[in-house]
Amino acid sequence: MSRAQNGRLIRLSVSAAVNGLSRNRLATVAATMTMTLMLLVLASVLVIRAGLDAALSYADSKVEVVAYLKVGASEERANSLRNEILKIDGVKEATYITADEALAAFRERLKERGEPDLTGELEQNPLPASFEIALDSPSETATVADALSRLPSAALFSRIVDGRAVAESLASITSALRIAGLIVLIGFSFAVLAVVVNAIRLAILARSDEIAIMRLVGATSTWVRLPFIIEGLIIGGAGALITLFIFGILGAGISTVMLNLFRVLPIETSGILLGEVAVTVLLAGFGLGALGALLSLRGRLSS
C-alpha cells in the first residue's frame, strides 16, 4: 500500500471514528469521564508518592544516634571518646555538643515556637553534653548503637538514643500507602477498561450493517478495525487532556497541600515532577484507550 493510500486510510478511519463517537454520545461521555476520573487518581497518587519518597528520604537523612554523656565528663575525655566513636563501622561523623550549646539550641527552639523560656530560673544547666552521630546508612543504626555500648569508654554515656523505631515506622507507613494507591489504580484501570470496551462494542453493534457492507466490498481487517482503535485512542486522549487541564488549574492548590502535609520536607511539585505526571497521564490515557478498543474487538470482527 502506497503512502498516499495509507494517508487516505487514516483520514477515512479518523472520520469514521469521530462519526462513531458522535452516534454513541452517552457511551462516549461515560467512557471519557471514567477515564478522566481514573487519570486524576493516577496523577494524585504520583504526586503523593513523590511526597512520601521525599518524606522517607528526609527521615533517612535525619536518622542518627545520640549518645548523652554523664554530668562531669571533661572535654578532654569527650575528645578521646569521639576518636573511639569514629572508628566504629557505619559512623560518618560524630559531632560533640556541649551542655551550653544544647541549652542555647533549646532556647532557640522555644523562641521559634513562641513559647516562654523558663530556663533562666534554673540554678544550673539541666541539659547534658552529647554526641550526635551521623551514619553512613540508616540500616546501620542498631549496629552503631550496640557498638557504642561496648566501647572502652562507654561508662561515660548516660543514655544512648537511636531513631530506628521512627525510621522503621515511617517506612512501614509509606509502603502501606504505596500498596493502597496501587490497589486503587488497578481497580480504576479495570473500571476504565470495562467502560471503554462497552462503548466500543456498542459502536460495533450500531455499525454492524456498515461493517458487513465493507466486508462484501473487500475491506481488509485493518480497514475495519482501525476506526474502532482510533475511537479508543480519542477517548483516552480526551480523558488525558481533561485531566491535565484540571490538574493544571489545581496545581497551585496541590503544591500548597503538599507543603502543608510535608512542611519540613524539600518537596518540589513543579518542573520535573509535573512533567513526569503529564507524560504518565498521556501514556496511561492512550494506552488504556487502545487496550480497551483491542479487547472489545477481540472475537468480534473476524479476519
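The values are calculated or read from the model by the stated rules, or taken from the named source; none is laboratory data. All values reported here derive from a predicted model rather than from experimental measurement. Because the Cβ atoms are built from the backbone with ideal geometry, glycine has one as well, and the counts that use them run over all protein chains shown. Areas reflect the complete protein model, heavy atoms only, side chains present, ligands, DNA and RNA absent. Shrake-Rupley method; radii C 1.70, N 1.55, O 1.52, S 1.80 Å.
What the table shows:
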{"quantity": "Options Leu52, Leu81, Leu46; residue that is over 39 Å from the mean Cα position of the chain (by Cα), buried (at least 17 other Cβ atoms within 10 Å of the Cβ) and either assigned to a helix (DSSP H, G or I) or not polar (S, T, N, Q) (or both)", "calculated": "Leu81"}
{"quantity": "Cross-chain or 6+ apart pairs with Cβ under 8 Å, segment 1-26 first and more than 20 Å from Ser208 (Cα to Cα) and of a type in the set (Gly, Ala, Ser), then modelled with pLDDT under 70 and open to solvent by less than 60 Å² (accessible area, probe 1.4 Å)", "calculated": "none"}
{"quantity": "Per-region count, segment 96-155, residues in a loop (DSSP other than H, G, I, E, B), open to solvent by 50 Å² or more (accessible area, probe 1.4 Å) and within 19 Å of Asn83 (Cβ to Cβ)", "calculated": "3"}
{"quantity": "Where Ser302 falls short, out of the listed (1) more than 31 Å from the chain's Cα centre (by Cα); (2) at pLDDT 70 or above", "calculated": "(2)"}
{"quantity": "Where a residue in segment 75-91 is within 17 Å of Thr141 (Cα to Cα) and its partner, wherever it lies, is polar (S, T, N, Q) and open to solvent by 60 Å² or more (accessible area, probe 1.4 Å), with Cβ under 8 Å and at least six apart", "calculated": "Asp89/Thr143; Gly90/Thr143"}
{"quantity": "Criterion violated by Tyr68 - all others in (1) assigned to a helix (DSSP H, G or I); (2) modelled with pLDDT of 75 or more; (3) of a type outside the set (Gly, Ala, Ser); (4) open to solvent by 40 Å² or more (accessible area, probe 1.4 Å) satisfied", "calculated": "(1)"}
{"quantity": "Test: residue in segment 8-17 that is out of contact with any Gly (no Cβ under 9 Å at 6 or more places or on another chain) and at pLDDT below 70", "calculated": "yes"}
{"quantity": "Condition check for Leu40: of a type in the set (A, V, I, L, M) and at pLDDT 85 or above", "calculated": "yes"}
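Conditions tested, residue by residue: (1) of a type in the set (D, E, K, R); (2) free of Cβ contacts under 8 Å to residues at least 60 places away in the same chain.
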site	(1), (2)
Phe190	no, yes
Arg201	yes, no
Ile204	no, no
Arg207	yes, no
Leu216	no, yes
Val224	no, no
Pro227	no, no
Ile235	no, no
Thr243	no, no
